[in-house]
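Participant: Here it is, the structure in full.
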């Protein structure tokens with residue numbers, strides 16, 4: 001019984017503090033407004049009901065009939081450039097091995113030198129700077145049997161505080 005009383009008092013205090021001392025609602029503080037367009041029209045079709053006419057519905061863009069690697073190119077990651085990477089430990093349990101390269105002489109040499117160990121570990125390659133499919137295929141020919149995917153690596157670079165490549169990232173660390 002006492003427990004219920006304390007919960008009711010706590011709820012009243014929370015409500016009073018949340019509405020201000022004069023009983024008026026406190027204004028919310030906007031922490032960030034990144035602009036852009038409202039996503040509301042994307043949800044208009046949900047629960048639109050039978051009276052919704054096609055004119056009232058959002059005309060969604062149709063996806064291309066086929067997608068290819070060339071549709072994802074070029075890939076540019078200005079946050080990362082070829083250079084030296086200091087080995088350091090990481091704690092990423094469950095992270096499969098991933099290597100990051102670009103279309104540059106340093107990455108090509110690194111791939112040729114480490115192809116066998118990358119294959120043995122089952123690593124997947126992320127190509128963060130490559131201009132076209134011809135250059136991507138040239139990198140793939142250096143390491144047959146390995147998957148090389150064009151990917152913008154800015155988010156990964158920020159999360160791992162990584163400015164350079166080539167680099168191998170595993171669950172336990174990163175190394176060049």
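Participant: Restricting the search to the stretch 153-166, which residues are over 14 Å from residue 81 (Cβ atoms) and in contact (Cβ under 8 Å) with a residue 12 or more places away in the chain? Walk me through how you get there before you give the answer.
Facilitator: Our first condition is that a residue be over 14 Å from residue 81 (Cβ atoms); within the stretch 153-166, this holds for 155-156, 158-161.
Hits for the stretch 153-166 are 156, 158, 160.
Participant: Looking at the stretch 105-120 only, could you name the residues that are in contact (Cβ under 8 Å) with a residue 24 or more places away in the chain and surrounded by fewer than 16 Cβ atoms within 10 Å (Cβ to Cβ)?
Facilitator: 112, 115, 119
Residue by residue, here is whether (1) surrounded by 10 or more Cβ atoms within 10 Å (Cβ to Cβ); (2) modelled with pLDDT of 95 or more holds:
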residue	(1), (2)
59	no, no
62	no, no
72	yes, no
82	yes, yes
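The values are calculated or read from the model by the stated rules, or taken from the named source; none is laboratory data. Just so it is clear, the structure is predicted and the values come from calculations on it, not from any experiment. Here the Cβ is made from the backbone with ideal geometry for all residues, glycine too, and neighbour counts use every protein chain on show.
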